[in-house]
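Heads up, the thing below is written out as structure tokens.
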Amino acid sequence: MTAHPTLGFLLHDVARLLRKRFEQRAKDLGLTRSQWQTLAYLANNEGIHQSGLAEILEIEPITLVRILDKLAERGLIERRQHPTDRRIWLLYMREEAHPILAEMREIGEVTRGEALEGVTPEQRDQLFQTLSVMKTNLVQACRTPVADNETKHG
């Protein structure tokens, strides 16, 4: 193994540490990581159906149902029936969730500030540009099937 971590390991470690630091600051909100992640994604996707949100979060729909049940019990989200399909529930934030979301955004800002301490504005811009290009490349690559000869190792 080399002395320097690979790009994948480094990105994973940075993301893990950002979540850990956010959790340290957000513990008084009384939400689990899965609950605050669900709220954060729902805030940007209001009106989405449960299976769509589960897909975005990359979790099983039944797992999301349990998370949503807890958030609904706290009065933070509500399920509304789809206007034309009784089997589908659409998800919305309740007013009670907005102060918590504002606090989460504030905690996120402080956490990002800690992570980017000593990084110049120019370096930040370059980092975001590079990561955005990488994301675009990987989204496109994930839409393309892997050739059979690429999946064989040796």
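Filter the range 108-124 down to the residues that are assigned to a helix (DSSP H, G or I) and surrounded by 11 or more Cβ atoms within 10 Å (Cβ to Cβ), then identify the one that is modelled with the lowest pLDDT.
108
For a quick check of your reading of the model, give me the residue pairs whose first member lies in the range 108-122 and is closer than 27 Å to residue 41 by Cβ, whose second is surrounded by 12 or more Cβ atoms within 10 Å (Cβ to Cβ) and of a type in the set (Phe, Trp, Tyr), with beta-carbon atoms closer than 8 Å and at least 6 apart or on different chains.
Going by the 8 Å Cβ cut-off, the qualifying pairs are 108/22; 111/22.
Got a sec? Which helices (runs of 4 or more DSSP H) wholly within the range 1-94 have at least 1 residues that are in contact with a strand residue (DSSP E or B) (Cβ under 7 Å, 6 or more places away or on another chain), closer than 20 Å to residue 108 by Cβ and touching a residue at least 40 places away in the same chain (Cβ under 8 Å)?
The qualifying helices (runs of 4 or more DSSP H) are 33-43.
What number of residues in the range 80-126 are in contact with a Gly (Cβ under 8 Å, 6 or more places away or on another chain) and of a type in the set (D, E, K, R)?
Number of matching residues: 2.
Identify, from the list 67, 48, the residue that is under 24 Å from residue 139 (Cβ atoms), at pLDDT 95 or above and under 16 Å from the mean Cα position of the chain (by Cα).
Values: 67 fails: under 24 Å from residue 139 (Cβ atoms).
Answer to the selection: 48.
Scan 93, 104 and give me the residue that is surrounded by 11 or more Cβ atoms within 10 Å (Cβ to Cβ), in contact with a helix residue (DSSP H, G or I) (Cβ under 7 Å, 6 or more places away or on another chain) and at pLDDT below 95.
104
The values are calculated or read from the model by the stated rules, or taken from the named source; none is laboratory data. All of these numbers come straight from a predicted model, not from anything done at the bench. Every residue, glycine as well, gets a Cβ built from its backbone with ideal geometry; the counts of neighbours run over all protein chains shown.
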